[in-house]
Every structure is written in C-alpha cells, then in structure tokens.
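Okay, so here's the structure we're looking at.
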Amino acid sequence: MEFFGLLQGLGIEGATGLMFAMLLVLLVTGIPLAYVTLLVALIFALGWFGPMAVPLITSRVYSFVSSFVFVSVPMFVLMAAILDRSGIARDLFDAMRLVGGRLRGGIAIQTILVAVILAAMSGIIGGEVVLLGLIALPQMLRLGYDKHLAIGVVCAGGALGTMVPPSIVLIIYGLTANVSIGDLFTAAFIPGLMLAGFYVAYVLIRAYLNPAIAPVVEGPRATTREKLRLAKGLFLPILVVIGVLGSIYGGIASVTEASAVGVLGVTLSTMIRGEFTIDLMKAAALQTLQTVGMIVWIGIGATALVGVFNLMGGIKFVSAMITGISDEPVVVLLFMMAILFILGMFLDWVGIALLTMPIFVPIITSMGYDPVWFGVVFCMNMQMSFLSPPFGPAAFYLKSVAPPDISLGTIFRSLLPFIGMQALAVAVLILFPAIAIY
C-alpha cells in the first residue's frame, strides 16, 4: 500500500517515467506485450485512483473489442490463412511470367507484382512473406539472382500488406483514431503502389547496372496455349480483389461486409480449383484464432494502459512535451516519425498503434494535418518496422522457410536498401501529402 501511495506523490512527470521504465523492464524479461501493458495499467489504476478505477478499465476495453468494424480483422486473417493453404498464390506467381517475360530482373518484378495482388486479397504480412519465401526465393536463387536482392524483394514485397488495402494496420489505426476506414483505404492505395514502384525501379536499375545479379531467363518463348493456361492463374485472384476492393470503393459494402465477401471469394476459389477440404478450413480457422487472439489481447492491454494514463493526465503532459519541441509543425511531425521508427525496432505494430495514436492523432489534428493522411504516413512508417533489426518480423518469417545457408544477419543486411526506400516514401508523403489525400 505504501507503493500505491507513492505513485500520486511522484506527480505526472515522475509517474510517466516510472511507467515507461516498468514497461521496458517487464518487456526485457520476455513477458508478452499484452500482459505487460495490462499489468502496468492495473498497478497504476490501483495506485493512482484506488480499486474504484478498475471498472473504468473494463468499460474502455469493452468499447474497443465490441466495435463492428473489428469483425473485419478475423475475416481478413481467415482469407490469408485459406490462401496460405491453397495453390492460388503458386499459380498466380506462374501466371505473372506473362508480365516478367524476358525482362532483366523479371522474376524479381514478378514477385513484387504478386505481392501487391496478395496484399490486395488479404493484407497479412506474415503469410505473404512465407508464401513468397517458399515460391519465389528458391526460383530466384536457382536462376542465379544475387541472394541479397532476392531476399530483399521477398521481405519488402511481403510487407506491402501493411500499405495496400485491405490492410489490417489501417483498420486498427482507423479504430484507434476514430477515422473512416473506407477513407483510409482510398488514401493508402496510391502510396502503396508508389512504394511498389520504388522497388521495381530499384530492381531494374540494379539489374541493368550489374547484369550478373539478375540474369535474363533463357528458354523457348511461351506458346499461345501456354499463355492462356498461365492466364487462368490470374483470373480467380483478380476476381477476389475486385470483389473486396470494388465493393468498398463502389459503395456497395462496408469494410466489414467486404471482408466477408473476400472470405467467400477465396473459399469458392478453392472449391473451383478442387482444393477445398474440411481439414483445410479447420487449419485455417485455428490459425485465425491464434493470430486474432494475439491482436485482441494486445488491444486489451494497450487500451487499458492508455485509458489509465489518460485519466492520470499523462496524455496532456506528453502532448505538451511533444508540441513544446518546436513551433514548426513539420519538426513535431518528424519527431513523431522518429519515435515510431525507434518503437518499431522493438515492439509489434499493434501495440505501437494502440499506445501512440491516442496521443499523436489529437496533436496532428490540432496542428492542422489531416488524420487520414497521417494514418497513411503511419502505415508507411510501420513498413520499416517489419524490416528493421533487431526484431523485424519479416526477417524471422523468411528465416523460417529460407535455405539453411541464409543466416539472419544476411537477411537483415539485404533489407537495408529497402528500408531506405521506405524512408524515402515517408519523406515523399510528407512533402507531397496530395499523393494520399488526392
């Protein structure tokens, strides 16, 4: 009880420092982020307000998990889980040979285009990186591609699910910032394609400056019959993308309803292909339960912590501290980007969004920035968190399926140019906001 009495005596400045230190120490011990945030929230709620504050935490958590839009998260995860277990992605990659052709660096460009289509189908980063690691990486290495280029293309391409709608990062941001998710999807579409364009340009420049790193695929040209056979692999994925994004942009369905359309589309695709089984659906459902369970628990912990911190007056204190850095809004914005980048090196994007956006978004709107545009910039920043060491998840996803001779250090070194392109994309979005809010 003496400890609890001490919390209020520290004042909001001391309590904020203690809260941050406690979070850091508990995370270093290896306890999952969800439990750390929930534990710290409970300690500070009891220590600052007493037992009567606990119902406030539960009511805040309920408002987060009971949101109708949140239903779209398990739907999009289920889409990715079904895709992961079907041959749709493999056929899609084969079909993209029609685009790559005999172009130097064609297989790498083909991989990026497949990544964009997969991102537009489900938007789950882990599944995309693993799929591309199993399908594209062995083919590029077999054809003599530079391993650093091949690794970078697979990881960076797989991470495009953060930007290309329907992105779960955008959905969580929209829920946290109370912004229209449909508006976020519309705003993120062009920046997502812009980033993919940066990757394609990088591959082409590297390949033509040094032809040895991306050999041209030799062999007989595909016949008309072969081209028609390959084109079939494009039909079903494109149909699913049109069903999901077309229903949202056309105003036919909400994001939640469109996610159900997507699950139906992918399930029908597996049936048409003769791949549908009860075991496939059961395994996909279990994977969805595991992934969404993690997201929900992180959401519960982060929401509780932010709620307690807000009641303590901590958000006002931190907001005043951040805005006090400079009178120039751009400087404050760049400082926020630096904080997000550093947090991204150590924390999961769900935790970052739920912990920082309740503080950052009010500051952004008070400075006259558009919260929809800021959501796109935030997601572009989170692209870097998937690749940046020491805990970039894309690297670990790829390592789980990469050949044994490719070390984690090699993967992280390969990602550095792509992190640079992501930083460039953030800078372009800040300099030219009309790219997102056209």
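The values are calculated or read from the model by the stated rules, or taken from the named source; none is laboratory data. Fair warning: this is a prediction, and the values are worked out from it, not measured in the lab. Here Cβ is always computed from backbone atoms with ideal geometry, including for glycine, and neighbour counts include all displayed protein chains. Heads up: the accessible areas ignore ligands, DNA and RNA and are worked out on the full protein's heavy atoms, side chains in. Shrake-Rupley method; radii C 1.70, N 1.55, O 1.52, S 1.80 Å.
Conditions (1) modelled with pLDDT under 85; (2) open to solvent by 60 Å² or more (accessible area, probe 1.4 Å); (3) part of a helix (DSSP H, G or I), marked per residue:
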{"position": "ASP183", "(1), (2), (3)": "no, yes, yes"}
{"position": "TYR202", "(1), (2), (3)": "no, no, yes"}
{"position": "VAL217", "(1), (2), (3)": "yes, no, no"}
{"position": "LYS227", "(1), (2), (3)": "yes, yes, yes"}
{"position": "ILE238", "(1), (2), (3)": "yes, yes, yes"}
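When you look at LEU333, is it surrounded by 16 or more Cβ atoms within 10 Å (Cβ to Cβ), touching a Ser or Thr at 6+ places or on another chain (Cβ under 9 Å), assigned to a helix (DSSP H, G or I) and in contact (Cβ under 8 Å) with a residue 40 or more places away in the chain, yes or no? Give the steps one after another, and end with the answer.
Values: surrounded by 16 or more Cβ atoms within 10 Å (Cβ to Cβ): yes; touching a Ser or Thr at 6+ places or on another chain (Cβ under 9 Å): no; assigned to a helix (DSSP H, G or I): yes; in contact (Cβ under 8 Å) with a residue 40 or more places away in the chain: yes.
In short, no.
Against the definition (touching a residue at least 24 places away in the same chain (Cβ under 8 Å), surrounded by fewer than 23 Cβ atoms within 10 Å (Cβ to Cβ) and closer than 12 Å to LEU195 by Cβ), how does ILE435 come out, yes or no? Can you show your working first?
On the way: touching a residue at least 24 places away in the same chain (Cβ under 8 Å): yes; surrounded by fewer than 23 Cβ atoms within 10 Å (Cβ to Cβ): yes; closer than 12 Å to LEU195 by Cβ: yes.
The answer is yes for ILE435.
Applying the selection to region 244-264, what residues are free of Cβ contacts under 8 Å to residues at least 60 places away in the same chain, in a helix (DSSP H, G or I) and closer than 15 Å to MET75 by Cβ?
Taking region 244-264 first, the residues free of Cβ contacts under 8 Å to residues at least 60 places away in the same chain are 246-247, 250-253, 257, 261, 264.
This time we only want the ones that are in a helix (DSSP H, G or I), so: 246-247, 257, 261, 264.
Hits for region 244-264 are SER247, GLU257, VAL261, LEU264.
Every residue in region 134-170 that is open to solvent by 10 Å² or more (accessible area, probe 1.4 Å) and among the aliphatic types (A, V, I, L, M), please.
Matches in region 134-170: LEU134, ILE135, LEU141, LEU143.
Report, ordered by the first and then the second residue, all pairs with beta carbons closer than 6 Å, sequence separation of six or more or different chains, a first member in region 139-163 that is assigned to a loop (DSSP other than H, G, I, E, B), and a second member that is small (Gly, Ala, Ser) and buried (at least 24 other Cβ atoms within 10 Å of the Cβ).
Partner pairs satisfying both residue conditions: TYR145/ALA214; MET163/ALA188; MET163/GLY192.
Of the residues that sit in region 310-321 and are open to solvent by 10 Å² or more (accessible area, probe 1.4 Å) and touching a helix residue (DSSP H, G or I) at 6+ places or on another chain (Cβ under 6 Å), which one is nearest to THR176 (Cα to Cα)? Talk me through it step by step, then tell me what you get.
Step one: list which residues in region 310-321 are open to solvent by 10 Å² or more (accessible area, probe 1.4 Å), which gives 310-313, 315-321.
Among the residues that remain, those that are also touching a helix residue (DSSP H, G or I) at 6+ places or on another chain (Cβ under 6 Å) are: 312-313, 315, 317-319.
Working: MET312: 19, GLY313: 19, ILE315: 15, PHE317: 20, VAL318: 18, SER319: 17 Å.
The qualifying residue nearest to THR176 (Cα to Cα) is ILE315.
Could you check region 295-330 and list, in sequence order, the residues that are free of Cβ contacts under 8 Å to residues at least 40 places away in the same chain and part of a helix (DSSP H, G or I)?
Initially, region 295-330 is screened for residues free of Cβ contacts under 8 Å to residues at least 40 places away in the same chain, giving 316, 320-321, 324-328.
Those that are free of Cβ contacts under 8 Å to residues at least 40 places away in the same chain and part of a helix (DSSP H, G or I): LYS316, ALA320, MET321.
Could you please tell me which pairs satisfy a Cβ distance under 8 Å, a separation of 6+ or placement on different chains, a first residue in region 407-427 that is touching a residue at least 12 places away in the same chain (Cβ under 8 Å), and a second residue that is of a type in the set (D, E, K, R) and surrounded by fewer than 24 Cβ atoms within 10 Å (Cβ to Cβ)?
Qualifying pairs under 8 Å: LEU408/LYS399; THR410/LYS147; ILE411/LYS399; SER414/LYS147.
What are the residues in region 195-211 that are among the aliphatic types (A, V, I, L, M) and closer than 14 Å to PHE418 by Cβ, if any?
LEU195, ALA196, VAL200, ALA201, VAL203, ILE205
Test VAL292 against the stated conditions and say whether it is in contact with a Pro (Cβ under 7 Å, 6 or more places away or on another chain), open to solvent by less than 70 Å² (accessible area, probe 1.4 Å) and either outside any helix (DSSP H, G or I) or closer than 30 Å to PHE20 by Cβ (or both). Lay out the reasoning, then the answer.
Values: in contact with a Pro (Cβ under 7 Å, 6 or more places away or on another chain): yes; open to solvent by less than 70 Å² (accessible area, probe 1.4 Å): yes; either outside any helix (DSSP H, G or I) or closer than 30 Å to PHE20 by Cβ (or both): yes.
In short, yes.
Quick one: MET281 ticks every box in (1) more than 20 Å from GLY87 (Cα to Cα); (2) outside any loop (DSSP other than H, G, I, E, B) except a single one, so which number is it?
Result: MET281 fails condition (1) only.
Among the listed residues PRO404, PRO358, PRO389, identify the single one that is more than 22 Å from TYR202 (Cβ to Cβ) and assigned to a loop (DSSP other than H, G, I, E, B).
Values: PRO358 fails: assigned to a loop (DSSP other than H, G, I, E, B); PRO389 fails: more than 22 Å from TYR202 (Cβ to Cβ).
Just one listed residue meets the conditions, PRO404.
With respect to the numbered conditions (1) outside any loop (DSSP other than H, G, I, E, B); (2) under 23 Å from GLY192 (Cβ atoms); (3) over 19 Å from the mean Cα position of the chain (by Cα); (4) hydrophobic (A, V, I, L, M, F, W, C), which one is the sole condition not fulfilled by MET382?
Of the numbered conditions (1) outside any loop (DSSP other than H, G, I, E, B); (2) under 23 Å from GLY192 (Cβ atoms); (3) over 19 Å from the mean Cα position of the chain (by Cα); (4) hydrophobic (A, V, I, L, M, F, W, C), the odd one out for MET382 is (3).
Which of the residues that make up region 361-374 are open to solvent by 10 Å² or more (accessible area, probe 1.4 Å) and either in a helix (DSSP H, G or I) or not charged (D, E, K, R) (or both)? Spell out the reasoning first.
The first filter runs over region 361-374 and keeps only residues open to solvent by 10 Å² or more (accessible area, probe 1.4 Å), leaving 361-362, 365-372.
If the condition is that a residue be open to solvent by 10 Å² or more (accessible area, probe 1.4 Å) and either in a helix (DSSP H, G or I) or not charged (D, E, K, R) (or both), then VAL361, PRO362, THR365, SER366, MET367, GLY368, TYR369, PRO371, VAL372 are the ones that fit.
Are any residues in region 265-274 at pLDDT 85 or above and either among the charged types (D, E, K, R) or surrounded by 15 or more Cβ atoms within 10 Å (Cβ to Cβ) (or both), and if so, which ones?
GLY265, VAL266, THR267, LEU268, SER269, THR270
Condition test on ILE109, is it over 23 Å from THR277 (Cα atoms) and either modelled with pLDDT under 75 or under 26 Å from the mean Cα position of the chain (by Cα) (or both)? Give the steps one after another, and end with the answer.
On the way: over 23 Å from THR277 (Cα atoms): yes; either modelled with pLDDT under 75 or under 26 Å from the mean Cα position of the chain (by Cα) (or both): yes.
Considered against the rule, which asks whether it is over 23 Å from THR277 (Cα atoms) and either modelled with pLDDT under 75 or under 26 Å from the mean Cα position of the chain (by Cα) (or both), ILE109 comes out as yes.
Taking the criterion of being at pLDDT 85 or above and acidic (Asp, Glu), would at least one residue in region 361-380 satisfy it? Explain how you work it out, then say what you get.
Initially, region 361-380 is screened for residues at pLDDT 85 or above, giving 361-380.
Subset that is acidic (Asp, Glu): 370.
The answer is yes; a qualifying residue exists.
Under 27 Å from the mean Cα position of the chain (by Cα) and at pLDDT 80 or above, is that true of THR29?
Numbers: under 27 Å from the mean Cα position of the chain (by Cα): yes; at pLDDT 80 or above: yes.
Here the answer is yes, as THR29 does meet what is asked.
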